[in-house]
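The values are calculated or read from the model by the stated rules, or taken from the named source; none is laboratory data. Remember, predicted model here, so these are calculated numbers, not experimental data. In this analysis, Cβ positions are derived from the backbone assuming ideal geometry, glycine residues included, and neighbour counts consider all displayed protein chains.
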Amino acid sequence: MTRPLRADAARNRARVLEVAYETFAAEGLAVPIDEIARRAGVGAGTVYRHFPTKEDLFRAVVDDRIRGIITWGRALLDDGAPGDALFTFLRTLVLKWGATDRGMSEALAGAGVAVEPGVPEVEDEFLAMLAELLRAGQEAGTVRGEIGVPEVKALLVGLQAMQGYNSQAATRVIDVVLDGLRAS
């Protein structure tokens, strides 16, 4: 059994995760751990105590962010318009978060640091939430019935890549993609 972190250690860990997320999102995955430590106002040893490798730090950031996205996605189902929840989720994830979150986009696309071995359970939870959004839309008759989770994830990854390539085009392309997902 592991002991809970002291309050100051927990604050330092949370601060490192916050700064790492902001840094990875803005600048990608190439930023050194020493720079993240400097920006977080802690020593490099503090970062390495919590996250022995850069991959460990990135996995923790991805895990935290994806869990937040999962919680938000599920909340959309409770907001009174479950038939539109998938469309709201995709549009917001690509246009709002995708525009400012290069690190998350890279993670979702599987680029950069190998994430899969470290966070398979969060990937499973993400896909389960995506399935809930898809099923709600299909049951409401707003989403095409023959579409599955693998197709929706592929569209999401493609739209995220489009956002990084040409954000103006992504804004127009997402409308085309969402129209293609709509039931006729």
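Screening the stretch 117-162 for residues that are farther than 23 Å from T71 by Cα and in contact with a Ser or Thr (Cβ under 9 Å, 6 or more places away or on another chain) and picking the one that is modelled with the lowest pLDDT gives A161.
Scan the stretch 11-24 and tell me whether some residue there is among the aromatic types (F, W, Y) and modelled with pLDDT under 90. The answer is yes, given that some residue of the stretch 11-24 is among the aromatic types (F, W, Y) and modelled with pLDDT under 90. Got at least one residue in the stretch 82-102 being over 21 Å from A170 (Cβ atoms) and either free of Cβ contacts under 8 Å to residues at least 12 places away in the same chain or loosely packed, with under 15 Cβ neighbours inside 10 Å (or both)? Among the residues of the stretch 82-102, not one is over 21 Å from A170 (Cβ atoms) and either free of Cβ contacts under 8 Å to residues at least 12 places away in the same chain or loosely packed, with under 15 Cβ neighbours inside 10 Å (or both), which makes the answer no.
So is A75 under 30 Å from E139 (Cα atoms), surrounded by fewer than 18 Cβ atoms within 10 Å (Cβ to Cβ) and modelled with pLDDT of 90 or more or not? Criteria met by A75. Taken over the stretch 25-55, the criterion of being closer than 29 Å to Q160 by Cα and either at pLDDT below 90 or polar (S, T, N, Q) (or both) is satisfied by A25, A26, E27, G28, L29, A30, V31, T53, K54, E55.
For the stretch 26-60, give me the residue count where each residue is crowded, with 19+ Cβ neighbours inside 10 Å, small (G, A, S) and either under 22 Å from the mean Cα position of the chain (by Cα) or outside any helix (DSSP H, G or I) (or both). Count: 2. All of (1) in a helix (DSSP H, G or I); (2) closer than 18 Å to A25 by Cα; (3) at pLDDT below 80 hold for A111 with one exception: (1).
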